[in-house]
Every structure is written in structure tokens, then in C-alpha cells.
Amino acid sequence: MAGSLTSGSVESSVDLSKKKFAIVVAEWNSEITEALYSGAVESLLSHGVKKKDIIRKNVPGTFELTLGALWQAEEKNIDAVLCLGCVIQGETPHFDYICQAVAYGITEVNIKTRKPVIFGVLTTLDKQQAFDRAGGKHGNKGEEAALTAIKMLNF
Ligand code: DLZ
């Protein structure tokens, strides 16, 4: 069952108007990842983050999120990084390799940079499942990523 972080707003004792976020967006399945991006930005803005403090970077596919996230997290003025991607299962094992690599990669970036680097990656069996989680009946994983980052900044 979904937890309390999936939508809405969270309390922040940290002044979010002073925090800077990078959002790294995979271009594969862009109709999905753009919806994730919109959800993330709307959520950050509604929590008091300034528009100028949301930096967007694109990468070709979900596999490249790891390096994109590392480059952003290494920037001194970035407080948290959101990684947004969508991997849809195909007929080859590609899906498993990409999902495993990015999950491991993003974990490594968290540990290496000691900053919140959020896994906002949809891993679905088909496109409908992805749409359902990108502003559809199961919410928006981009918004969830934003809320997760805010929670971590309040750790
Ligand atoms: C190659 C590939 C495939 C088959 N599927 C997806 C996908 O569903 N979602 C996604 O974000 N990227 C996919 N890619 C591209 C890889 O992430 C990566 O960009 C390439 O393998 C080049 O490193």
C-alpha cells in the first residue's frame, strides 16, 4: 500500500526558499518523464522552493541518470537531486539491466556525495502502468520524488 509520501504536502522545518534542487530527466519515454517533471516542479514550488533554484538537466535514457545525478550532486550549491526516468519492459532483458544499473548507480551517488539523490524512476510492464503513475490514477512519481527530497532535507 502507498505510504504517506505519495502526494500532497509535507511539513518542513527547513527553509526551502533557500534550497537548490537539480532535476535530471531521461528523454526516453518523454511523454511520461515530462509528466513526472511537471509533478516534481509543481510540488517543489508549492513548498516554497524558488523557480530559479530548480535546475533541469536532460540525459538520453534512464541508464544515464546515474552520471547526470553525480555531476549535479557534486555541484557545491545543489542540495538535492531528483532523478526521473521511465523504463518499460520490452522483449529483451534490457529492462532488467537498466533497472538494476540505475538503482545501484543512484544508491552509489547518494553515498558518494552524501546528498539526497532521489530515485524517481518508473519501472513498468507497459505504457499504461507508466501513465497511471505519471499523473494518472496512481498519482505522480515525480511529485513523490520531490516530497521525498524535502523529507530527506529535514532529516
Ligand atoms: C535502450 C533502452 C531501452 C531498450 N529501453 C529504455 C527505456 O524503457 N527507458 C529508458 O529510459 N531508456 C531505455 N533505453 C536507453 C538506455 O537507458 C540508455 O540510454 C542506452 O542504453 C544508452 O546507454
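What follows is calculated from the coordinates using simple rules that are stated; it is not laboratory data. Everything numeric in this text was worked out from a predicted model, so none of it was measured. Cβ atoms come from the backbone with ideal geometry, glycine included; neighbour counts cover every protein chain shown.
Observations on the model:
- Within the option set F95, F21, F63, being surrounded by 20 or more Cβ atoms within 10 Å (Cβ to Cβ) and within 25 Å of G136 (Cα to Cα) holds for one residue only, F21.
- Search result, residues across the range 57-78 that are within 17 Å of I106 (Cα to Cα) and either more than 16 Å from the ligand (Cβ to nearest atom) or in contact (Cβ under 8 Å) with a residue 60 or more places away in the chain (or both): Q72, A73, E74, E75, I78
- Checked against the criterion of being in a helix (DSSP H, G or I), among the polar types (S, T, N, Q) and touching a residue at least 12 places away in the same chain (Cβ under 8 Å), the candidates S9, S13, S43 yield just one match: S43.
- Verdict on A130 being within 15 Å of the ligand (Cβ to nearest atom) and either in contact (Cβ under 8 Å) with a residue 24 or more places away in the chain or more than 15 Å from V25 (Cα to Cα) (or both): yes
- Number of positions in the range 35-58 that are crowded, with 17+ Cβ neighbours inside 10 Å and under 18 Å from F119 (Cα atoms): 9
- Residue within the range 79-95 that is near the ligand (Cβ under 9 Å from one of its atoms), more than 14 Å from the chain's Cα centre (by Cα) and in a helix (DSSP H, G or I) present: yes
- Under the condition of being small (G, A, S) and either outside any helix (DSSP H, G or I) or farther than 12 Å from L16 by Cα (or both), the residues counted in the range 46-62 number 2.
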